[in-house]
Amino acid sequence: MTYNMDFLFVAMILLVLVLWHYYSQRRPDNLNNRAFLIFVVLGSLDVLAEILSTYYIISTKGSFGIGAVLTTTVFYVFQALIPYVFICYICTLRENHTVSWKCLALCGVPTLILLGIILTNPFTGLLFSFDAYRGYVKGSWYMLMYASALFHILAAFIMVLAWKKKLDRQKIRTLREIVVLTAGGVLIQSRCQWLLMTGFGLSLAILTLFFTINNPYTNSDSMTGLYDKPCLIRKMDEMIRSGRQFHLIMVDVYQLSHINKVAGIRGGDRLLQELAERMQLLAGARAFRTAGKHFVLLAISLEEYERFLKTLKGLFEKDMTLGDEEQWIKCPAILSGIVNAEKLEDGNMVLSYAEYLESLSLKMGSSEVVQNDAHTKKSFLYNKQVENFLYTAIEEDLFQVYYQPVYSTRNKQFVTLEALSRLKHPELGWIAPDIFIRIAEDNCLIDRISDLQFYRICRFLKEHSDLMKQIRNVKINLSPLDLMRKDCSGHFIRIMDEFGLPHEWVQFEITETVATEYNTGLCRVVEDFLKDGIGLCLDDFGSGYANLNTVMQLPFSVIKLDRSLLFHICTDERAASFYQSVVSTFQHMGYRIISEGVETESEMELLSSWGVDMIQGYYFSRPLPPEELLKLLG
């Protein structure tokens, strides 16, 4: 038979190029990359062995010696090993999964049996033999090699389908392409053996992996050259699974936006590049850039961790230069340190904890060090437990609505209600609203919670419409994300119309923080509410930076004065004078005033003497579940 070796030579060239570029680039040292490297080396040796074996077969004329037998046997050995190595490679792609060596050994039993058949073939001739007249002769079990390859490829395909939810789309798509390429090469050669296509199909598969999953160029941050966030997470997960101890320092250059304004974007980029160079000198391949202003260093011992931390503190306490221009600039940073980070048992959890530590910093214009301790870790894990529970609470609608009545000093009765969300965890008990609302906003879940609660409120009002003869309206808080949603006003109005509720029964509260970020989108939502008879209330005035200009930008009818303004009004004349002047000013402008957080009789009497319209606080009533509210108002 005449063999066409052109495809083999092309395959060899492609594999040599892949090895050359892979070794010439900096690449993460992780299990998947090591498995890929083994796959490429074995593939290269397989193609080389096939070239040598084919050369012996076509160049010798009946005098087949030890060289032909040896090269062909070695080629068959590689042919048996490569499908198994490919399955091992796929196992390393699955995130948060420990590769079970026992399982891999069990899967390797068929390969070991096949290797035994190959190594004993010179004596049995079951797979191949050489004849002085016929040359290379197929054995009776010759097709076993093709059957084994196709079996392993099918097993790999089944694994990819089974792990569809564990692998991202790019990996799924790439692995499907590789299965097609390798299976295609095997099938073509099984029908047209003279084409020698298995090595070529294998080289195309490896080339596809090199350009996608194992591309060394994609593991690095393009601007600084440091490894990126996905690379860091894979590294941490691998260290956690292998039981290796490590410590982490996250660096937040928190004034980067200010630096960009002062030195320009190019100046800020040069600063980040300089920081990256110093961190790489300090930590080598264990320095990462995870986001625009965030760097991470991994230390494998406490001594190394302390050395990294000391060096970084010294770096950020000094003024830094921007490139060669001798422009000096302050560059404070928050250094968040986690000792024994492997105990958090997940790479994403480690980064979340580092970000949580960073959120505890004061950020007062100087560098700070925030390190984990038992208290902060307990608080963080509590927040993560709440975060995980939120998804269940949304799916099962476990939230409750409590109502806090607001007392009118003029009518001497309760005249309105504020609806407040409540959530009870089966183990943690009641979760503070500011905690689960903040977490819901951080995870973009607040709009779903708002819908659930608004439906519950509308249902309550529909079932107790007689209540509205005494109560003017129910005040409902809208979060910034609620106001940003498409057709915000129309969405809530349609829900009210489903229940047939008069629009004036609802008054939406907008916090002072949202009001200070006044924009055309917010203006449009407000206009739609007013047009449909829904009033607006400014909540928490005095807790932030709102001023009269902020109040006048939007058509509020009611202003709630924050609890913080009440402090010391009964003991400090200046505090009392300030509070009274705020009340008087807003009332002269036509606003009704609600004083929040009133808890004592002396506060209530003082506010009543100043003519405050309405009072809300524990002095009159705590937030109540619907059944207790009905008893109170009945």
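Any read-out appearing in this document is the output of simple, stated calculations on the displayed coordinates, not a laboratory observation. All figures in this text were calculated on a predicted structure; none of them were measured in a lab. Note that we place each Cβ from the backbone using ideal geometry, even for glycine, and neighbour counts take in every protein chain shown.
Measuring r between the beta carbons of Glu395 and Asp532 and using R0 = 25 Å, the FRET efficiency lands at 0.20.
Each Cα pair under 8 Å and six or more residues apart adds its sequence gap; the mean of these over the residue count of region 569-634 is a relative contact order of 28 percent.
Once backbone amide H atoms are built at 1.01 Å from N, Thr290 has Phe295, Val296 as its partners under 5 Å, excluding neighbours fewer than 5 places away on the same chain. Sites listed here are trypsin sites (Lys or Arg not before Pro) in region 16-85 whose DSSP assignment is loop and whose Cβ has at most 15 other Cβ atoms within 10 Å: Arg26, Lys61. Sequentially through region 157-172, phi angles give Karplus couplings (6.51, -1.76, 1.60; θ = phi - 60°) of 5, 5, 4, 4, 5, 5, 9, 4, 7, 8, 10, 6, 4, 4, 5, 4 Hz, Gly and Pro residues having no value and appearing as x. Across region 310-450, Cα pairs under 8 Å and at least six residues apart give a relative contact order of 16 percent. If R0 is 22 Å, the Cβ-Cβ spacing of Thr311 and Asp269 corresponds to a FRET efficiency of close to 0.45.
Under 20 Å from a label point 7 Å along Cα→Cβ of Arg494: give me every residue in region 467-483 with its amide N that close. Flagged as within label range: 478-479, 481-483. If you plug the beta carbon distance of Ser602 and Lys343 into 1/(1 + (r/R0)^6) with R0 = 41 Å, you get a FRET efficiency near 0.20. The loop-placed trypsin sites (Lys or Arg not before Pro) in region 394-440, going by DSSP, that have at most 12 neighbouring Cβ atoms within 10 Å of their Cβ come out as Arg410, Lys412.
Working from label points 7 Å from Cα in the Cα-to-Cβ sense, the Met484 to Glu355 distance is 1.4 nm. Across the chain, C-alpha contacts under 8 Å between residues 6 or more apart give a mean separation that, scaled by the residue count, equals a relative contact order of 9 percent. Decide, for region 153-192, between rounded, prolate and oblate: order the square roots of the alpha carbon gyration tensor eigenvalues as a ≥ b ≥ c, take rounded if a/c falls under 1.5, and otherwise choose prolate if a/b is larger than b/c, else oblate. Note, shape of region 153-192 comes out oblate. Going from the fewest other Cβ atoms within 10 Å to the most, the residues Cys88, Cys537 appear in the order Cys88, Cys537.
In the structure shown, the pairs Lys229/Lys293; Lys261/Lys363; Lys462/Lys631; Lys475/Lys560; Lys171/Lys343; Lys469/Lys631 are assessed against 23 Å; a Cα-Cα span above that value is assigned to Lys171/Lys343. Computed from backbone phi with θ = phi - 60° and the Karplus coefficients 6.51, -1.76 and 1.60, the 3J(HN,Hα) list for region 26-39 is 5, 9, x, 8, 10, 4, 5, 5, 5, 5, 5, 4, 4, 4 Hz; x is used for glycine and proline.
Rounded, prolate or oblate, given the Cα gyration tensor of region 383-633, with a/c below 1.5 counting as rounded? It is rounded, given that a/c, with a ≥ b ≥ c, falls under 1.5. Rounded to the nearest 5, the antiparallel percentage of DSSP beta bridges internal to the chain is 55%. The HN-Hα couplings worked out from phi for region 448-457 by the Karplus form 6.51 cos²θ - 1.76 cosθ + 1.60 (θ = phi - 60°) are 5, 5, 4, 5, 4, 5, 5, 4, 5, 5 Hz, whole numbers, x standing for Gly and Pro.
Kirkwood hydrodynamic radius of the chain, from the reciprocal of the average inverse Cα-Cα distance over all distinct pairs: 30.6 Å.
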